[in-house]
Amino acid sequence: TFLAIGIALLLGAGAIGQHTRSFLSNAVSTDGIVVALDALSDRGSTTYRPIIRFQTPSGNVEFRSSSGSNPPSYTVGDTVPVLYSPDKPNDARPDAFFSLWGAATITGGIGLVFFTIGAAMIGLARRSSHREACLRTQGVPVQARVQGIEENESIQVNGRSPYRIMAQWQDPATSQIHLFHSGNIWFDPTEYVTREHITVLLD
């Protein structure tokens, strides 16, 4: 899921970036004046988006910037460099990095985080599966004494923790005691653990 979300966000960032590059390839540069600040409140937070007026050969045009901030980046009366499409003068943006590239940068950054987490999870899962397969074919079986079943409280999902079977084995060659635990089990396996010893495969 993380990987899929990450890929989708990265593709979205690429599409936004391509749209911006297409806009810049035909954009005309001019200066505009901030005529008002539009306050937008969301979840108790307020941002201010400048409303900018600029002159084109066919007359005056006003637009509201798609990016806002708090405190506001502009004040009424400020002169602002503007880029606009000559075919669609209403398609205009302040000539500033965040106004042009902010959406692609934020979307791409979040996508990269999700992609990295998803790729790491898949990599760890594959490594664990490979290690388990090697143990099944090459591991040395020993009989370990069951010590009990515990909840792995280091992991919680929706308020629940998985269970692990604990077992102990003493190496006859060194007399060293080893404690093993199973993988995480999302139900209480107590009623299924009926033997005093279980087989453990050693690397």
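The values are calculated or read from the model by the stated rules, or taken from the named source; none is laboratory data. Given the structure is predicted, the values throughout are model-derived calculations rather than measurements. Counting neighbours? That spans all protein chains shown, and the Cβs are built from the backbone with ideal geometry, glycine included. Each accessible area value is taken on the protein alone, full model and side chains, heavy atoms only, with ligands, DNA and RNA left out. Shrake-Rupley method; radii C 1.70, N 1.55, O 1.52, S 1.80 Å.
Quick one: with all protein chains in place, what share of the accessible area of the chain is carbon or sulfur, to the nearest percent (1.4 Å probe)? That share works out to 54 percent. If you average the C-alpha positions of the range 31-51 and of the range 65-103 separately, how far apart do those two centres end up, in angstrom? Answer, in whole Å: 11. Computed over the range 83-150, the percent of Cα pairs more than 17 Å apart is 72.
Note that the chain presents 67 Å² accessible area per residue, ligands and nucleic acids not counted, probe 1.4 Å. Charged side chains reduced to their Cβ positions (Lys and Arg at +1, Asp and Glu at -1) give the chain a dipole of some 320 debye around its Cα centre. Here are labelled values, (1) 79, 43, 31; (2) 59, 48, 32; (3) 92, 36, 29, and one is the computed Cα extents along the principal axes in Å for what I pasted. Which one? Recomputing Cα extents along the principal axes in Å here picks out (3). Ranked from largest to smallest solvent-accessible area, with a 1.4 Å probe on the protein heavy atoms, Trp169, Trp101, Trp186 come out as Trp186, Trp101, Trp169. Annotation for the range 71-159: GluC sites (Glu not before Pro) lying in DSSP loop with at most 10 further Cβ atoms inside 10 Å of their Cβ are Glu153.
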